[in-house]
Amino acid sequence: MAAIAYPGAEGRPQAPARRHLHVVPAPTRARRLSRTAIYRRRRVLAVAALFLAVFFLVLAARAALGALGGGPLAAPETPAGPPAAAAAVYVVQPGDTYWTIARRLQPSGDVRALVDSLSSEHGGSPLQPGEQLVVK
């Protein structure tokens, strides 16, 4: 084994001078994102932007169509046949409503007009069993 000694100013061996290295910490994983992480983040943002664009487009289309009108597409049905000239009298039974009476008097078609006329002729008050309704 061999030893190397450097003579010093006084003739004694002296250790070589130490050099100090400045260590810089390596970048952490949180600071620097990998390419796949950046790609995923951009893809998520693109999908979110696309979703929001479609959502607002649907809202705008519904608002535009709502401004055009939202009524029924077909006209209400009218009763078929000639109107009845004679008035009939109907005696209200327990549990009867304007709708059930109108359906008994007019078994097919739209009964809304008949319900409205029965209700207006009766004054809109509730029906009482035994009451007589004049049906035109």
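The Cα-based radius of gyration and maximum Cα-Cα distance (Dmax) for region 88-135 are 9.8, 27 Å. Stretching the chain fully between residue 19 and residue 132 yields a gain of 29.0 nm (0.36 nm per residue, less the alpha carbon separation).
Express in nm, to one decimal, how much length is gained between residue 110 and residue 87 on full extension, taking 0.36 nm for each residue of separation and deducting their alpha carbon distance. Mind dumping the intermediate values first?
On the way: separation 23, 0.36 × 23 = 8.28 nm, distance 1.99 nm.
So the extension gain works out to 6.3 nm.
Rule-based calculations on the coordinates, nothing more; no lab input. Since this is a predicted model, take the numbers as computed values, not measurements.
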